[in-house]
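> Quick one: structure below, then a few questions.
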């Protein structure tokens, strides 16, 4: 498939949630057990910000002293309810999108499960829809948490290198007609190693 000549290639990559680890920013590219943060639990009703943010919000997390925290939240709530979050009052984000931004939240996250993180994405393996997969990154790390406490880590960068670019090749190959499955896969944050 040539770039730009099919509707799948014209769809939008999603703004990734990120985690700051020892001063470095990583994209969240896989979760073993649901979401890290659920805005509805805090009174929000997120609605799509734009084509690159179907969920209506995105987060930045930090790992500090082996503990996972929500550090920043950018959100559009269709009920216009923006309560304080861990004592933090939001500020307006980009006016054209009607978002609000919470900074320096410091909210402990009680997540139990694995999180896969990617860094150093190779532009030529970037897929223009959904979230990027391990095969597009130079650095891939997996962290395991128990109630928000880091219990294990593994460097999966060599595994990602062994399949470098595979997801993009598979995504661009429409010969089997599995467009819906490929879109679902691209929008998934599952732990498949693609």
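The values are calculated or read from the model by the stated rules, or taken from the named source; none is laboratory data. Computed from a predicted model, the values in this text were never measured in an experiment. When we count neighbours, we look across all protein chains shown, and the Cβ atoms used for this are built from the backbone with ideal geometry, even at glycine.
> So residue 135 fits all but one of (1) farther than 21 Å from residue 23 by Cβ; (2) crowded, with 16+ Cβ neighbours inside 10 Å; (3) within 15 Å of the chain's Cα centre (by Cα); what number is the exception?
(3)
> Right, here's the next one. Residues 20, 29, 63: which one is touching a helix residue (DSSP H, G or I) at 6+ places or on another chain (Cβ under 7 Å), assigned to a strand (DSSP E or B) and at pLDDT 95 or above?
29
> Another one. Of 178, 162, 136, which residue is in the same structural domain as residue 119 (by TED's automatic domain parsing) and closer than 12 Å to residue 125 by Cα?
Of 178, 162, 136, the one residue that is in the same structural domain as residue 119 (by TED's automatic domain parsing) and closer than 12 Å to residue 125 by Cα is 136.
> Please find, among 187, 194, 158, the residue that is within 28 Å of residue 143 (Cβ to Cβ) and over 20 Å from the mean Cα position of the chain (by Cα).
158
> Related question: Would the range 102-123 turn up any residue that is assigned to a loop (DSSP other than H, G, I, E, B), under 19 Å from residue 194 (Cβ atoms) and touching a residue at least 40 places away in the same chain (Cβ under 8 Å)?
Yes, that holds for at least one residue.
> I'm trying to understand the selection: among the residues of the range 150-194, which are touching a strand residue (DSSP E or B) at 6+ places or on another chain (Cβ under 8 Å) and farther than 22 Å from residue 119 by Cα?
183
> Against the condition in contact with a helix residue (DSSP H, G or I) (Cβ under 7 Å, 6 or more places away or on another chain), surrounded by fewer than 18 Cβ atoms within 10 Å (Cβ to Cβ) and over 30 Å from residue 66 (Cα atoms), how does residue 126 come out, does it pass?
yes
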